[in-house]
Ligand code: 4AD
Ligand code: MG
């Protein structure tokens, strides 16, 4: 019963963040959270309490006259407590306020096997306890920034008159045409129904057709852009891509704006504005977290981000990029020549060594890009654009879309796709087609860029990567 009463009204609980920012002492306040450390003095205990509302802990003074003082003295790191008392000016250094407890309720004890002890832990170790790592300073900071930037994404588009569209997660199309699809099926893998010809009989599957987890909401977003003019999606996307790198996840979140009556230039401008907006938002709204990243993750982070916000990004064509790379004199692991994909080492040379700033590369050869990109007048290149940033490489991929029905059908055939399978998508070109453009920003890659955290597994709550889907 006591517990029910205590949690009945969360509004009576003060977030530690607010307590620490109080303008005046408070006679009676209640806070709740998890013990970071406890140390004993002659006739009282100091408890550092954190509730995740900010990086900072509130110091609790628990005096020996508390009826349960002996239990308080056994509290260890990781335990949860609920404390009421008076917020008073702190005698100690480093904090303005501390809480003198008149009641310490031990909600959930934790013993010495609690994995997050005071000593620092490596990100690799913390990945193995992904269910507890949000209680560490680094990860609580990463996830507060993640939350803040998700909000900023919506704010950015709302301020610009975009409509938020929820595109489907289960889809029948392979937008990127890379075949990196997770199949969605209810067929019995032990006993797959076959047609007379011996092929898998998808007519008997749940959706009466092959279906997959989406790799991108773009195709559906295009349909909405050709009705609502400016739209965006923000949701999970899935790629069964067997790349075990620090920048690839099998499940990641993508933001995809799509704009009618917009060409490649307008698209590149928006991507640049968007990336800068998100950086500036984190700098303005997450100062403690950004300071922590600058101290413990990457000493050059803050200077680099401020530089990126202040200056225009470099823009070059794919052909120019290839020329620069060939003339660089650099020994690359992968070959570079016109017609080949830029590898991460090439992208990083351009952004880190050559231009030393973000670079948007555009007009790629049509053979290395998906079917939906608009073919340029040269007949050889498409209006693709990739935005590359130092330390990571590609964080945005986008294009102007092919709005001409006959050219789009031709592109599909060249990509071994049957236009008949995409009737609805082609209808968008049959009825009131317009030039339109959009891009996808990988949310985790953006978070890596903003926090300096070098592994994608550490900016997503529970990472899914090849061979790993624990939690
Ligand atoms: O370049 P991509 O494949 O583009 C598309 O999916 C387009 N349909 C987007 C559009 O035009 N609407 O992916 C876009 C971005 C990449 O630049 C990268 O930031 C991120 O998504 N991304 C990944 N992030 C984490 N793990 C992966 N496996 C990723 N694959 C792509
Ligand atoms: Mg791409």
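Bear in mind these aren't lab numbers, they're just calculated from the coordinates by the rules spelled out. None of these values were measured; they are calculated from a predicted model. Please note: Cβ atoms are built from the backbone with ideal geometry, for glycine as well, and neighbour counts cover all protein chains shown.
Normalised by the number of residues in the chain, the average gap of Cα pairs under 8 Å and 6 or more apart makes the relative contact order 13 percent. The mean of 1/r over all pairs of different alpha-carbon atoms in segment 163-255, once inverted, gives a Kirkwood hydrodynamic radius of 14.9 Å. At q = 0.14, 0.15 Å⁻¹, what is the base-10 log of I(q)/I(0) for segment 1-153 according to the Debye formula with one equal point scatterer per Cα and no solvent? Please give it to two decimals. Log-scaled intensity ratios, in q order: -0.73, -0.84. Roughly how compact is segment 120-170, stated as its Cα Rg over 2.2 N^0.38 Å to two decimals? Taking the Cα Rg and dividing by 2.2 N^0.38 Å, one obtains 1.63. Helical content of the chain, expressed as a calculated mean residue ellipticity at 222 nm, amounts to -8500 deg cm²/dmol (DSSP H runs of 4 or more residues, -39,500 (n - 2.57) each, divided by residue number, nearest 500). Axis of helix 264-285 versus longest Cα principal axis of the chain: the two differ by about 0°, to the nearest ten degrees. A simple packing score, the average count of other Cβ atoms within 10 Å per residue, orders the peptides 140-149, 314-323, 158-167 as 140-149, 314-323, 158-167, with the highest score first. Normalised by the residues of segment 292-445, what does the relative contact order come to in percent, with Cα pairs under 8 Å and at least six apart? For segment 292-445, the relative contact order is 18 percent. Packing, taken as the mean count of other beta carbons within 10 Å per residue, orders the peptides 397-406, 414-423 from highest to lowest as 397-406, 414-423. Equivalent ellipsoid of segment 275-334: semi-axes from √(5λ) of the C-alpha gyration tensor, largest first, are 32, 16, 8 Å. Peptides 110-116, 304-310, 83-89 ordered by packing proxy, namely the average of other Cβ atoms within 10 Å per residue, highest first: 83-89, 304-310, 110-116. Going by alpha carbons, how many degrees (0 to 90, nearest 10) lie between the helix axis of 318-327 and the longest principal axis of the chain? Roughly 80 degrees, rounded to the nearest 10.
Three semi-axes describe the equivalent ellipsoid of the chain; taken as square roots of 5 times the Cα gyration tensor eigenvalues and ordered largest first, they are 49, 27, 21 Å.
Against the longest alpha carbon principal axis of the chain, how many degrees, from 0 to 90 and to the nearest 10, is the axis of helix 137-159 turned? Value to nearest ten degrees: 50.
Can you give the FRET efficiency to the nearest 0.05 for residue 17 and residue 298, using r as the Cβ-Cβ distance and R₀ = 25 Å? Computed FRET efficiency for residue 17 and residue 298 comes out at 0.50.
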